[in-house]
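As structure tokens, the structure follows; a few thoughts come after it.
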Amino acid sequence: MDAAGVAAECRKIVDQIDTVIIGKHRTIELAAAALLARGHILIEDIPGVGKTTLAKALARSIGGAYKRIQFTPDLLPADITGVAVFNQKTAEFEFRPGPVFANVVLADEINRATPKTQSSLLECMEERQATVDGVTHLLPAPFFVIATDNPIEYHGTYPLPEAQLDRFLMRLSIGYPRPAEEVMIMDRQRIRHPLEDVKPAISTDAMLGLQEEIKEVFIEPSVKDYIVALVGATREHPLVWLGSSPRGSLALMRCSQALAAMAGREFVLPDDVKAAVPGVLAHRLIMKPEAAATRAEPAQVVAEILSSVPVPVLEHIRNP
């Protein structure tokens, strides 16, 4: 498939979700880019802004199976991955898959579950398989996790450790709509929810094909150096105790390739990298204690790094 064809297929997905999530086009594009890059996203936001709706709309737009897991302190790993049940008729154990066996999984309020339960989901995300009673079961493909984290409630929560946050390709935020957009939301949902009208834009097999196409998007050596320089700057910033690992460089590369393909290009521009940086790098930084004194946030550090690292000038683009 050529670049225009890939972009057209991606646009179908984004357009379907745009009919449901009003005024958040860029967030939708980044979520779609994470799916194309075979990653997972963490949405840290207040309740009621459309996190669940985004997950449902994304699943419907690719014709995939959708499951929601409500994380609570008493949730067990088996409640996610499934259990082996003894069948008295056959005298054998039968595996009953858990809700993680779906194409799009919404892990709602992941920070409410215990670290052991959180880890069971993160293992599925990383390995794309679940091991129950010593037997490994492959998860459906494509497999995409949207985890949500409520930042305003801390009682009875277990925040994700930095090492586990690092396994999310992106951390995004939806935020409040503008007044005019909120009126539009009210109008659209007055009689029925627009989610009911979302149709599969492509099939899951087509999505798997797009994920393979993304890998072929060309990256100029100078753009690779730019990615490494951005990630390296996070390790040298005076307010950062621990910067991004090479996993951040890989995530930035994959997201940049996805954004380039969505724009109809066969090559990555520095602008693609800059668009992906805030969502990819901010949650990978561990700040020094003195950062609290200046109220410096990871997002501010990332913005400062973006403005200070020289942007490469591509005089020509050659095919690989």
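The values are calculated or read from the model by the stated rules, or taken from the named source; none is laboratory data. Source: prediction; values computed, not measured. FYI the Cβ positions are ideal-geometry reconstructions off the backbone, even for glycines, and counts take in every protein chain you see.
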Taking ALA4, is it surrounded by fewer than 20 Cβ atoms within 10 Å (Cβ to Cβ), out of contact with any strand residue (DSSP E or B) (no Cβ under 6 Å at 6 or more places or on another chain) and in contact (Cβ under 8 Å) with a residue 40 or more places away in the chain? yes
Restricting the search to region 95-133, which residues are in a loop (DSSP other than H, G, I, E, B) and either under 21 Å from ALA65 (Cα atoms) or at pLDDT 85 or above (or both)? GLY98, PRO99, VAL100, PHE101, ALA102, ASN103, GLU109, ALA113, THR114, ARG128
Just give me the residues in region 283-300 being among the hydrophobic types (A, V, I, L, M, F, W, C), in contact (Cβ under 8 Å) with a residue 12 or more places away in the chain and surrounded by fewer than 20 Cβ atoms within 10 Å (Cβ to Cβ), in sequence order. ILE286, MET287, ALA296, ALA299
Unique match (being crowded, with 16+ Cβ neighbours inside 10 Å and assigned to a strand (DSSP E or B)) among LYS67, LYS56: LYS67
Scan region 217-237 for residues that are surrounded by fewer than 18 Cβ atoms within 10 Å (Cβ to Cβ) and either without any contact (Cβ under 8 Å) to a residue 12 or more places away in the chain or among the aromatic types (Phe, Trp, Tyr) (or both) and jot them down. PHE218, PRO221, GLY232, ARG235, GLU236
Going by the structure shown, is ALA130 closer than 15 Å to ALA55 by Cβ and either touching a His at 6+ places or on another chain (Cβ under 8 Å) or of a type in the set (S, T, N, Q) (or both)? no
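Of the residues LEU242, LEU259, which single one is crowded, with 23+ Cβ neighbours inside 10 Å and either in contact with a helix residue (DSSP H, G or I) (Cβ under 6 Å, 6 or more places away or on another chain) or closer than 26 Å to PRO159 by Cα (or both)?
LEU259 is the lone residue from the list that is crowded, with 23+ Cβ neighbours inside 10 Å and either in contact with a helix residue (DSSP H, G or I) (Cβ under 6 Å, 6 or more places away or on another chain) or closer than 26 Å to PRO159 by Cα (or both).
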Tell me, please, whether a residue that is under 17 Å from the mean Cα position of the chain (by Cα) and of a type in the set (Ser, Thr, Tyr) can be found in region 151-163. no
Is it fair to say ALA201 is of a type in the set (Gly, Ala, Ser) and either out of contact with any helix residue (DSSP H, G or I) (no Cβ under 6 Å at 6 or more places or on another chain) or part of a helix (DSSP H, G or I) (or both)? no
Taking the condition under 30 Å from ILE13 (Cβ atoms) and either over 18 Å from the mean Cα position of the chain (by Cα) or surrounded by fewer than 23 Cβ atoms within 10 Å (Cβ to Cβ) (or both), does ALA303 pass? yes
Among LEU230, LEU195, LEU210, which is the only one that is part of a helix (DSSP H, G or I), within 18 Å of the chain's Cα centre (by Cα) and not charged (D, E, K, R)? LEU210
